[in-house]
Amino acid sequence: MKDNEIDNLLQAAGASHEPDSGLNSDVLNHITATVQQSLKPVRPLPARWVFVAGLLLIGFAVAIAGAARAGFFGIEQMSPWQRLLIFPSLGILAVIAAGEFASAMIPGRLRRISSGALLAVAIVAMLAVFALSFRDYQTTNFVSAGVACLLRGLLHAVPVALLSGLLLRRGFAVKPVSAGLAAGALAGLAGLGVLELNCTNFQAAHVLIWHTAVVLVSAAAGALIGWALHLLRSPRA
Amino acid sequence: MHQEDNLEMLMARYQQGDLSAASALIHRVSPQLHRFFTAQSLSRTDADDLLQETWLRIHRVRHTYRSSEPALPWFYAIARHIRVDHYRKAIRISTREQRLEVEPVHATADHEPFAKANSLATLLAPLSPAERETVVMLKVTGMSLEEVARATSSTVGSVKQKAHRAYKKLRNLLSATPQSSRQRGEQS
């Protein structure tokens, strides 16, 4: 059977089904009456770029504030080549994550990349950048220093996630898990930004595993929160 | 295209609190959304309930529509969200019923699945819910790949993949039962 034959079959089935759809005027009148009861003018959401700019501003402000408090020791000790590789990469990924989070909060918005793919791209890109930038393969205080960095990164991701949620509070996520994942990835990138500005531990294993883990853990937490919020808001079975 | 333009204009007026625009939208979009629900093998009562729930949600989040965007995918995005919620709720209920090992309660005539009487739902029954909704939007509603991607919050590539898988399944099934497909075609 050819595709156009299936097309014809589907269209015929859809057309034949239409008169018997069972949608009666009572249902439509009931809906109209319900809508009428609370009909008042609403202010549409601002353009997507406004949200993207706002999200980037939040991420940038929290990263700078966090590094200002802890010290810009990391960026000071980096070579120009490392700075040139790491910070523009972080910026590009943050722009993509902010765009995807904003899109996830506007129904009917075209997605260029799925949230899962976004996370995979962010992780792979940062791993590649770190692998190219850091060549010290020692593992001194691997766990203790790593856990400290992970916690510091996540600590800075939290305010970014909260402020981002506040900025997009008027949006509506048709896929809450996906929106949570994008928000978490954005917050994680901001947390990673703080670590890159501050952390002076340039051991490849430390940066590759513990710094990148901030994005991964933050995105997973975001997805989990999105799922939990959706369960809380949806009607119980 | 003209109809699309009108939908967008009506949506903008609805956001401004215009009752006639709200009423026109409800009467124009509801049959399509109802068909979208019934094509997912839902009973007529369930489809009515979901339609009302969808409009309540549309009304609550009407500010999220932007006049520069196509309106139909926006409606379908919300309808789909409601349908997915309903699907998950139904799964939770069926899981509990299985765990308790209770005999299944027979549906009343009013709740009888449309699949028995509805050739579209019967035709699409072997597909997964995601494939089914993709085929309905593309082939029955006549939306473009980009509009379906907008409505399902996915990428155009993902929509193409789902449509391809759905057609592969349909082709295999219909080729395996040429007699029944011919009969279905004749009935329609």
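The values are calculated or read from the model by the stated rules, or taken from the named source; none is laboratory data. Everything numeric in this text was worked out from a predicted model, so none of it was measured. Glycine gets a Cβ as well: all are built from the backbone with ideal geometry, and neighbour counts include every protein chain shown.
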>> Against the condition surrounded by 13 or more Cβ atoms within 10 Å (Cβ to Cβ) and free of Cβ contacts under 8 Å to residues at least 24 places away in the same chain, how does A:Leu23 come out, does it pass?
In response: yes
> Got a sec? Which helices (runs of 4 or more DSSP H) wholly within the stretch B:28-130 have at least 2 residues that are modelled with pLDDT of 90 or more?
Replying inline: B:44-60, B:71-99
> If you go through the stretch B:137-166 one residue at a time, how many are more than 8 Å from chain A (Cβ to nearest Cβ) and farther than 17 Å from A:Gly108 by Cβ?
Replying inline: 8
> Looking at the stretch B:1-60, which of its residues are in contact (Cβ under 8 Å) with a residue 40 or more places away in the chain, hydrophobic (A, V, I, L, M, F, W, C) and facing another protein chain (nearest Cβ under 10 Å)?
Replying inline: B:Met11, B:Ala12, B:Leu33, B:Phe37, B:Ala39, B:Ala47
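Yes/no matrix, rows are residues, columns are (1) surrounded by 19 or more Cβ atoms within 10 Å (Cβ to Cβ); (2) touching a strand residue (DSSP E or B) at 6+ places or on another chain (Cβ under 8 Å); (3) assigned by TED's automatic domain parsing to the domain that holds A:Val95; (4) not in a helix (DSSP H, G or I):
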position	(1), (2), (3), (4)
A:Val129	yes, no, yes, no
A:Gln138	no, yes, yes, yes
A:Cys149	yes, no, yes, no
A:Leu166	no, no, yes, no
A:Ala185	yes, no, yes, no
A:Glu196	yes, no, yes, no
A:Ala213	yes, no, yes, no
A:Leu216	no, no, yes, no
A:Ala221	yes, no, yes, no
> Can we say B:Leu124 is touching a residue at least 24 places away in the same chain (Cβ under 8 Å) and out of contact with any helix residue (DSSP H, G or I) (no Cβ under 7 Å at 6 or more places or on another chain)?
Replying inline: no
